[in-house]
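See structure below.
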Amino acid sequence: MRWLERSRRAEPDPMHQALTAARAGDYAAALAIWEPLARSGHARAQNNIGACFAEGLGVAADPMLAFKWLKLSVDGGDPVGRRNLAALYFRGEGVPQDDIEAMRLYRLAAEEGDGPAQDMLSWMLLEGEAPDLAEVKRWAELAAGQGVAASMTRLGMLHHNALGVPRDPAEAARWWRMAAEAGDADGQAMLGAAYLTGGGVARDPLAALEWLLRGRAGGSALAQNFVEPARAQLSEGEQAEARRRARLPLAQEGPAA
């Protein structure tokens, strides 16, 4: 989750310096810059301090302090603060678990154009009872347009399973390729499965194994069921080539079935 961000408006140099330090792993330096800004009412700095307490970045994780700072950020109108406070309600950290409040906050942040919030809102709508598939698709498309790879994978699933749209394997594969190339492990797994079965793309077991190995190494549980069938269609030399393309030596392929 992208917890730490700069403001989208023009920022003074300290915010840029703090985020640079945080990205380099020097959270102590970042917090030293954010704290006086946050205490003076800077909503994005408040968000970033809350994020550090939520994730244990440079400080001991403290959900109650995370809630305090994120609530201040939300009160200051920061959409990233809304998204991160929504995550606390979704996970039940520092506050009672509350999907309704999480969705409300995700929706507010999504309506202000926050891509990760749009993605989470799309996912929560899809997982709910009697989902509004048009809304699922709309928010996923908005998030995908901002480069959120998980939403690209979800759009592929909608087209693959005919959820709110006609079934279109080629369109599903197109979205999965975009997600895969953006680094989403489930998108990589589904693109590999498409190559294995010929769903929306020409069958290519070597490409299938390459993407399945990438997906499994990235933590996708979806990849596991397809890895051995892909291997079974390839020679040892072709399997080695798939590993090379996936940039994964044998020791890094991931757990066997």
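Below are the figures for this structure:
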{"read-out": "Selected residue (criterion: farthest from Pro96 (Cα to Cα)) from residues of region 16-69 that are basic (Lys, Arg) and surrounded by fewer than 19 Cβ atoms within 10 Å (Cβ to Cβ)", "value": "Arg23"}
{"read-out": "Meets criteria (in contact (Cβ under 8 Å) with a residue 24 or more places away in the chain, at negative phi and touching a helix residue (DSSP H, G or I) at 6+ places or on another chain (Cβ under 8 Å)) for Leu196", "value": "yes"}
{"read-out": "When residues of region 21-44 are limited to those that are under 13 Å from Leu57 (Cα atoms) and not hydrophobic (A, V, I, L, M, F, W, C), the one nearest to the chain's Cα centre (by Cα)", "value": "Arg23"}
{"read-out": "Residue within region 129-137 that is surrounded by 15 or more Cβ atoms within 10 Å (Cβ to Cβ), under 17 Å from the mean Cα position of the chain (by Cα) and over 21 Å from Val74 (Cβ atoms) present", "value": "yes"}
{"read-out": "Candidates Leu65, Leu105, Leu70, filtered to the one that is closer than 28 Å to Gly183 by Cα, aliphatic (A, V, I, L, M) and not in a loop (DSSP other than H, G, I, E, B)", "value": "Leu105"}
{"read-out": "Residue within region 119-135 that is in contact with a Gly (Cβ under 9 Å, 6 or more places away or on another chain), within 21 Å of Asn48 (Cβ to Cβ) and part of a helix (DSSP H, G or I) present", "value": "no"}
{"read-out": "Condition met for Gln146 (out of contact with any His (no Cβ under 8 Å at 6 or more places or on another chain), in contact (Cβ under 8 Å) with a residue 12 or more places away in the chain and closer than 21 Å to Arg245 by Cα)", "value": "no"}
{"read-out": "Pair list, Cβ < 8 Å and 6+ apart or interchain, from region 55-69 residues that are in the same structural domain as Ala30 (by TED's automatic domain parsing) and of a type in the set (Asp, Glu) to residues that are surrounded by fewer than 17 Cβ atoms within 10 Å (Cβ to Cβ) and outside any helix (DSSP H, G or I)", "value": "Glu55/Ala61"}
{"read-out": "Breaking point among (1) within 21 Å of Leu121 (Cβ to Cβ); (2) in a helix (DSSP H, G or I); (3) among the β-branched types (Val, Ile, Thr), for Val95", "value": "(2)"}
{"read-out": "Any hit, region 166-182, residues being within 16 Å of the chain's Cα centre (by Cα), at pLDDT 95 or above and not in a helix (DSSP H, G or I)", "value": "yes"}
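The values are calculated or read from the model by the stated rules, or taken from the named source; none is laboratory data. Note that the structure is a prediction, hence the values are computed from the model and not measured. All Cβ positions, glycine included, derive from the backbone under ideal geometry; neighbour counts span all protein chains shown.
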